[in-house]
1. Rank these by accessible area, largest first, 1.4 Å probe: 121, 52, 76, 141.
2. Counting only the heavy atoms of the protein chains, how much of residue 139 is accessible to a 1.4 Å probe, in Å² to the nearest 10?
3. Could you order 78, 61 so the one with the most accessible surface comes first? Probe is 1.4 Å.
4. Return the distance in nm (one decimal) between the two label points of a simple spin-label model at residue 126 and residue 44, each offset 7 Å from Cα along Cα→Cβ.
5. Sort 124, 71, 59 from largest to smallest accessible area, using a 1.4 Å probe on the heavy atoms of the protein chains.
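The values are calculated or read from the model by the stated rules, or taken from the named source; none is laboratory data. Quick caveat, the model's predicted, so the values are computed rather than measured. When we count neighbours, we look across all protein chains shown, and the Cβ atoms used for this are built from the backbone with ideal geometry, even at glycine. Areas reflect the complete protein model, heavy atoms only, side chains present, ligands, DNA and RNA absent. Shrake-Rupley method; radii C 1.70, N 1.55, O 1.52, S 1.80 Å.
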Amino acid sequence: MSTGGRILTWPRRTRRRRSTGPREKAVADGFARTEVCVEDTSGANLGGMGYHYVNPANIGSTDPARPAAVIYAEEHGSGKRRLVALEWVVPDAGQPVPRAFGRDFDGPEPIPGLGEVYSLHAWIHEENPAGVFAPYNPRVHCGPCPEK
């Protein structure tokens, strides 16, 4: 994948995760499934993020091979979940803004249970018209399918 003149290489295990069932593979890799679908509620119609499967051991990591969350979106019609993005989360402890892939993390913003955090999303399995590193994807929605 190329962005801004840089070639991004994703860990082999991240690519492998896409071809297996999301429940089995993410959980086997230490990610806890959540049943909360995250979508923009600001009224700006930014879209959604999807369902986060979180690995607490990876919170605080900026290592490309250790995302804190793998993010799945439901396919409208079938209800199956597919891998769409990865997210890195670093708690705000007064440090400089974390960086990865040549860019600053977003934030800090509050996440329930974690406090103020910096985060970086990478939409590597679902094209995002807002950009590879945008937090929300206008193509991802929670609930009923939007009218086409």
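1. Values: 121 0, 52 25, 76 80, 141 50 Å².
The residues order as 76, 141, 52, 121, largest area first.
2. Taking all protein chains as shown, residue 139 has close to 120 Å².
3. Values: 78 70, 61 10 Å².
Result, largest first: 78, 61.
4. 1.9
5. Numbers: 124 25, 71 0, 59 50 Å².
I get 59, 124, 71, largest accessible area first.
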